[in-house]
Every structure is written in structure tokens, then in C-alpha cells.
1. Yes or no: region 68-89 includes at least one residue that is in contact with a Gly (Cβ under 7 Å, 6 or more places away or on another chain), acidic (D, E) and surrounded by fewer than 17 Cβ atoms within 10 Å (Cβ to Cβ).
2. Kindly indicate which of N40, N30 is open to solvent by 50 Å² or more (accessible area, probe 1.4 Å) and touching a strand residue (DSSP E or B) at 6+ places or on another chain (Cβ under 9 Å).
3. Could you list all residues from region 1-12 that are open to solvent by less than 70 Å² (accessible area, probe 1.4 Å) and either free of Cβ contacts under 8 Å to residues at least 40 places away in the same chain or over 15 Å from H78 (Cα atoms) (or both)?
4. Would you check which residues across region 49-91 are out of contact with any strand residue (DSSP E or B) (no Cβ under 9 Å at 6 or more places or on another chain) and in a loop (DSSP other than H, G, I, E, B) and list them?
5. Identify the single condition in (1) in contact (Cβ under 8 Å) with a residue 60 or more places away in the chain; (2) farther than 16 Å from S25 by Cα that L66 does not satisfy, given that it satisfies every other one.
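The values are calculated or read from the model by the stated rules, or taken from the named source; none is laboratory data. Quantities reported herein were computed from a predicted structural model and do not represent experimental measurements. Don't worry about glycine lacking a Cβ; one is built from the backbone with ideal geometry, like all the others, and counts go over all protein chains shown. Surface accessibility is based on the protein's heavy atoms, side chains included, excluding ligands, DNA and RNA. Shrake-Rupley method; radii C 1.70, N 1.55, O 1.52, S 1.80 Å.
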Amino acid sequence: MTRAILTVVGHDKTGVIAKFSATLSANNANILDVNQNIMNGDIFAMMMLIDVSGLSCSFKELSAALTEDGNALEMSVHVMHEDVFNAMHHV
């Protein structure tokens, strides 16, 4: 299984999880775990662990689509492939 980490941060609004979930589903990415929190009453923060081993597009295309979702919602989005994450945290 090949995984990636998606982080989303911005002002809370309706439909955030739905928007990103729809993009992931449309590109055959599976959500393995999700953690979201509303901080200080209006700051939305979410992390998703996603399985990208069966993507119907390239990882770069998925990342671009998720970034577009973030731009549309005026939120900051970061997508990191598991290989990059592991390399950053390998001692």
C-alpha cells in the first residue's frame, strides 16, 4: 500500500470534508484515517491519511486537484507522499 498525508488548514466553513473527500474518491484514493479539529472557535485543521496505490491519475495531478480545492475554499493545503514523509523523519 502506498500512502500520502493530506493537511488542510483555514477558517471553518461548511463542506470542507465533503469537497476533499469527493476529489479523493473521484481519483480512486481511499481515506484510511481522518482527524479534524476546530481550534479557537473558527480555525479548521484536518489531517487525512490516504491510500494512493490505486490512483486513476498521477500523484502530481491529485495533489494539484486537492490544491485547487483548497484555493476554492481559501484554505492552505499540503499533500505529502509517504516516501517523502519517511525520508524527512528517518534518523
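1. Yes: one or more hits.
2. N30
3. T2
4. Listed by number, the residues that qualify are L55, S56, C57, S58, H89, H90, V91.
5. The one condition L66 does not meet is (2).
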